[in-house]
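Encoded as structure tokens, the structure appears first; notes follow it.
The values are calculated or read from the model by the stated rules, or taken from the named source; none is laboratory data. As the structure is a computational prediction, the values presented were derived from the model and not from experiment. Positions of Cβ are generated from backbone atoms using ideal geometry, with glycine treated the same way; all protein chains shown enter the neighbour counts.
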Amino acid sequence: MKWWTKTRARRKGLQWAVRFFALTWLFVLVWGFVIEPGRLVERDHTLTLPNWSQACNALRVDVITDTHTGSPRNGVDNLDRVVQRLIASDSQAVLMTGDYVILSVFLGTFIAPEVIAEHLKPLTARKPVYAVLGNHDWWKDGDRVRRALQSAGVVMLDNRAQAATFGGCRVWLVGIGDLLEGKPEIAKAFSMVTDAAPVVVLTHEPDLLPRIPARAALTIAGHTHGGQIDPWPHRPDPATFVLGSPRLKWHILDRGRHLFVSPGIGTSILPMRLGVPPEISRLTLRAAPPKP
């Protein structure tokens with residue numbers, strides 16, 4: 001009788017363990033496939049840069065990347081939500097680092113770049129917007145994506161530089177073509193920089209960083225989506241993440257070069273985010289104190 005009672009207790013314990021395990025995984029799947037891809041966080045990042053001018057101290061810019069409009073939980077209605085957040089922000093400019101369309105994603109729908117551009121017009125009417133293309137844009141006809149964004153007032157910077165002035169701050173924005181598909185022409189783009197104002201580089205693929213000249217104060221990229229799945233996210237020390245990591249995100253310091261990788265908005269391949277919600281990255285760029 002005691003043996004039978006113990007056996008029944010063990011079976012009940014096992015049943016409860018199986019139920020708990022199943023419910024846990026159900027919660028994870030619902031959160032990852034339904035809830036988190038539909039979130040939108042605005043995260044502040046303060047970066048202190050050694051090659052930054054005092055005239056540009058505390059410049060604030062918003063960064064968005066990998067919008068992938070058309071991925072699940074991320075249609076033009078979500079793009080409108082992103083645009084309204086960017087308009088309401090106190091940033092002085094918006095920087096976009098590629099992948100506005102999607103090549104393919106499970107349960108996703110391709111949205112034409114002309115439609116995406118139309119929904120960006122309220123933003124470009126309020127703030128300067130600078131951008132480069134990503135690999136998905138090239139896979140779906142990069143020239144078409146570029147023309148569409150330009151028609152909406154976005155300043156496209158692939159393999160070229162443009163000076164921008166924000167109050168008393170003059171800065172060079174240098175766009176570099178995507179490493180995978182965009183034929184980066186770094187020397188050509190940097191040859192257009194004609195004075196000593198600080199340089200911010202925009203590119204899609206962060207692994208281009210070792211080829212960026214030391215003249216740049218900061219390189220901003222996307223592409224990784226922060227891994228999309230990172231159940232135990234944390235803000236890493238800038239020197240702890242290495243290039244090539246599939247979870248690369250936020251501020252990275254690599255051999256003296258400063259890199260910022262935004263986790264992006266949409267999804268690709270797998271329509272899931274876990275621990276890496278869609279993010280508008282708001283950067284405050286500060287000058288390093290002068291050496292004594």
| said: Are there strands (runs of 3 or more DSSP E) fully within the stretch 200-292 with at least 2 residues that are at pLDDT below 90 and either surrounded by 15 or more Cβ atoms within 10 Å (Cβ to Cβ) or among the aliphatic types (A, V, I, L, M) (or both)? List them. | reply: 250-254
| field | Unique residue being acidic (Asp, Glu) and within 15 Å of Trp138 (Cβ to Cβ) when the list is Asp99, Asp90, Asp80 | value | Asp99
| remark: Of the residues in the stretch 179-199 that are among the charged types (D, E, K, R) and farther than 18 Å from Val155 by Cβ, the one that is surrounded by the most Cβ atoms within 10 Å (Cβ to Cβ) is Glu181
| request: Tell me which of these Asp137 doesn't satisfy, since it passes every other one: (1) over 23 Å from Pro72 (Cβ atoms); (2) within 21 Å of the chain's Cα centre (by Cα). | output: (1)
| task | From the list Ala125, Ala117, Ala112, pick out the single residue that is buried (at least 20 other Cβ atoms within 10 Å of the Cβ) and more than 16 Å from the chain's Cα centre (by Cα). | result | Ala117
| request: Just need a number here: residues in the stretch 204-218 that are within 16 Å of Val132 (Cα to Cα) and in contact with a Pro (Cβ under 7 Å, 6 or more places away or on another chain). | output: 1
| request: Could you run through the stretch 33-52 and say how many residues are modelled with pLDDT of 90 or more and farther than 16 Å from Val201 by Cβ? | output: 8
| query | Within the set of pairs 6 or more residues apart or between chains, which connect a residue that is among the charged types (D, E, K, R) inside the stretch 114-139 to a residue that is in a helix (DSSP H, G or I) and at pLDDT 95 or above with Cβ atoms less than 7 Å apart? | reply | Glu114/Ala148; Arg126/Ile87; Asp137/Val145
| query | Is it true that Gly153 is on the phi > 0 side of the Ramachandran plot and small (Gly, Ala, Ser)? | reply | yes
| Inter-residue pairs, beta-carbon under 9 Å, first of a type in the set (Asp, Glu) and in the stretch 172-197, second surrounded by fewer than 17 Cβ atoms within 10 Å (Cβ to Cβ), 6+ apart | Glu181/Trp139; Asp195/Ala163; Asp195/Arg170
| query | If we scan the stretch 101-123, do we find a residue that is under 28 Å from Leu179 (Cα atoms), at pLDDT 95 or above and among the acidic types (Asp, Glu)? | reply | yes
